[in-house]
Amino acid sequence: MALYYRFYNCDGGGVAFWSLPDNTFPGAYIKFQSGLPDPDFLGVCFHIAPINQPNPPTNIANIDWTTADYDVFGGCDACKQPDKVQILENCDNSLDIICLQNTLALGTWVQYNGKCYEVKEVPSCSATIPITYSTGLYYKDCESCKQALPQVNYALINCDTGDITYTSTDLSAYVNPPEQAITINGSDDCFQVRVEENTPPGTPVTVTGEFLSCELCGSDYYLLKACPPNDDIASIVTYTDLFDYVGSVITLETCPDICWEVSETELNSNAQEVIFLESYEDCTDCIVAILPAKCVTFTNTLNFATGFEYTDYLGNIQKETIAGKGSIEKVCALDWDANLAIAVTEFGNCINGECPPIPQPKRRVTPGYDTPACSTEYYERVECSFSEWMYKDVLERRYGISNCCPEDLMKWEIKHEMLMLDVLINPDYTCAVSNTCGCPQPCDCGYLSHTVSSSTCNSQTN
C-alpha cells in the first residue's frame, strides 16, 4: 500500500489528477498559482484527499512542493470567494467613491458628509484613503436616505458689499477653498460660498464662472492669440492688466519668440497670469523684430515640377512651383515645408527683409600698405608678376617644367629690383644740392649713385 494525494475539483467533475505526497499534508483545500505541469489547473480550487492504495494511479502530476506557489483554505467556498473590499458609491455620481476600512451591510445606503452612498463590494479600491464608517444608520434606498438628510442651503456672500443671499442649489464644489469665488446667472457680481443649515432655501442659481479669488473674479480678461506662423498654438486667457495693449501685439517673457494679438474677452476659464515683455503695432512689425528670417534658395532635385510652401519674413504663406532641376532666387523665409525633393541652401540671416550682401574675399594685406614709392596698382602688378615668374622658375629648376617665355622672368626681376630701390627713398627727406659730395658733377636728388637713377615709377612698360 502507498499514499497518494487525490485532487477533486471544487466545481465538480470528479478526480482531476493525483500526486505523490509531501512530507506534511498541506491542507484539505488548495489553489495553485504556479507549480503545476498543466497550466489549466492554475487558479482552480481543489479538495485534496490522501488515499492509500496498492497500485499507483495513471495520471500522477509531478509537483515540486518546495517551489510551488499555492494557498490553503478551510473549504471550497472560501477558496472560490476572492478577497473583496467595501466602498461607498454616491447615489447621484458613480464616480464619487469612498474606500471603506470596516465592513457594513451590503445593499444598504448611508449618509456621509451630507450625501447619500450605497454600500458595495468590489475586488479592490484605490480611489481614496480608506475610512472607518461608524454612524450605524442605514437606509433601504437612495430616496429615503436623501429625505433624511438635514436641509443644507448655501450663503452667497457678495465680494464687494458683503450682502448675503441664500440658495438651495448644491454649491458644495465651491465651498473649499473658502477664498474662491463664483459668478451666477442674472448678476454681474462675484460671490463666495458658505454652507448654511436651517435657513430658507432661497432661489436656485446657475454658476456661470469660477475663480480662485474675489480679486480675480472682478478682473478684466484678455485673449492672447498667436500671430503666424505660430497661429496653431492655443490662445491664452489672462487676467493680467493689458488694457493699454488691446488691438496691439505683444511678446511675453516666458515665450519671447512668439507674437500675441491682444483683445478683450468674456472668457475666464483657465485664466492665468502672464509677464509682458514688449509691444508692437501689428503682427508684421513683431515678427520682423523678433524672428530672424533666413536668406535661402530652394532647388527642385526632381526632373519634373514640384510645388511647396514657405513662410516669408512677414509671416505670410507663399506658394511656389519650381520646374524640374530649377531654383528660385534668394528669399527671406521664416519656415518652409519639409519636402525631401526641395534642397534648401542658406545664406545667413536676413536684415530688414533683405538678404545679406555676398561676402567679398579680403586681402591679407590692405592695399596701400608698404607701397611708398609708386601707386598701389603698379606695386601689385610688378610684385605679382615677379612672384609668378619666380614660381615658374622653381618649377623648371625642380621638376623640369619649362616655360615658353623665359625672357619675361628677367624683365620682371629687373622691375622688381628697381621698385625695391625706389622703396629705399625716404619721401620725407629734403634734398639739398651740393658739390662737395665727391661726385664728378653736382649731386642730384633723383640719383642714388653716379650710375643708377631711380625712375621706376614712371616706366610705361607693362
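The values are calculated or read from the model by the stated rules, or taken from the named source; none is laboratory data. In this text the structure is predicted, and so the values were computed from the model without any measurement. So basically every Cβ, Gly included, is an ideal-geometry build from the backbone, and we count neighbours across all protein chains shown.
Data table
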{"read-out": "Output for segment 161-176, where each listed residue is within 43 Å of the chain's Cα centre (by Cα) and loosely packed, with under 11 Cβ neighbours inside 10 Å", "value": "N176"}
{"read-out": "Total residues in segment 111-142, condition farther than 26 Å from T169 by Cβ, among the hydroxyl-bearing types (S, T, Y) and modelled with pLDDT of 80 or more", "value": "3"}
{"read-out": "Of all residues making up segment 275-290, the number that are of a type in the set (A, V, I, L, M, F, W, C) and either surrounded by fewer than 17 Cβ atoms within 10 Å (Cβ to Cβ) or at pLDDT 90 or above (or both)", "value": "5"}
{"read-out": "Filtered residues of segment 341-352 (kept if in contact (Cβ under 8 Å) with a residue 12 or more places away in the chain and over 16 Å from I317 (Cβ atoms))", "value": "A341, A343, V344, T345, E346, F347, G348, N349, C350, N352"}
{"read-out": "Every pair of residues 6+ apart whose Cβ atoms lie under 9 Å, when the first sits in segment 394-418 and is without any contact (Cβ under 8 Å) to a residue 60 or more places away in the chain while the second is among the acidic types (D, E) and surrounded by 12 or more Cβ atoms within 10 Å (Cβ to Cβ)", "value": "S402/E396; N403/D393; N403/E396; P406/D393; P406/E396; L409/D393; W412/E388; H416/E383"}
{"read-out": "Within segment 112-141, considering residues that are of a type in the set (A, V, I, L, M), farther than 30 Å from Y166 by Cβ and out of contact with any Phe, Trp or Tyr (no Cβ under 8 Å at 6 or more places or on another chain), the one surrounded by the fewest Cβ atoms within 10 Å (Cβ to Cβ)", "value": "I129"}
{"read-out": "Subset of segment 128-154 (residues that are among the small types (G, A, S) and either free of Cβ contacts under 8 Å to residues at least 12 places away in the same chain or touching a Leu at 6+ places or on another chain (Cβ under 9 Å) (or both))", "value": "G136, A148"}
{"read-out": "Residue that is surrounded by fewer than 18 Cβ atoms within 10 Å (Cβ to Cβ) and touching a Ser or Thr at 6+ places or on another chain (Cβ under 7 Å), where the choices are E179, E196", "value": "E179"}
{"read-out": "Filtered residues of segment 164-196 (kept if free of Cβ contacts under 8 Å to residues at least 24 places away in the same chain, of a type outside the set (A, V, I, L, M, F, W, C) and part of a strand (DSSP E or B))", "value": "none"}
{"read-out": "Enumerated strands (runs of 3 or more DSSP E) restricted to segment 84-163, each holding at least 1 residues that are among the polar types (S, T, N, Q)", "value": "85-90, 109-112, 152-158"}
{"read-out": "Scan of segment 303-315 for residues that are surrounded by 14 or more Cβ atoms within 10 Å (Cβ to Cβ) and on the phi < 0 side of the Ramachandran plot, ordered by number", "value": "T306, F308, Y310, T311, D312, Y313, L314"}
{"read-out": "Residue match in segment 142-149 (condition: surrounded by 15 or more Cβ atoms within 10 Å (Cβ to Cβ) and of a type in the set (A, V, I, L, M))", "value": "no"}
{"read-out": "Output for segment 223-240, where each listed residue is more than 17 Å from Y280 (Cα to Cα) and in contact (Cβ under 8 Å) with a residue 12 or more places away in the chain", "value": "I233, S235, I236, V237, T238, Y239, T240"}
{"read-out": "Scope segment 129-163; condition farther than 30 Å from F191 by Cβ and among the β-branched types (V, I, T); matching residues", "value": "I129, I131, T132, T135"}
{"read-out": "Strands (runs of 3 or more DSSP E) wholly inside segment 207-326 containing at least 3 residues that are touching a Ser or Thr at 6+ places or on another chain (Cβ under 8 Å) and under 30 Å from Y174 (Cβ atoms)", "value": "207-211, 221-226"}
{"read-out": "Which numbered condition G162 fails, given (1) under 21 Å from E273 (Cα atoms); (2) out of contact with any Ser or Thr (no Cβ under 9 Å at 6 or more places or on another chain)", "value": "(1)"}
{"read-out": "Some residue of segment 45-66 being part of a helix (DSSP H, G or I) and in contact (Cβ under 8 Å) with a residue 12 or more places away in the chain", "value": "no"}
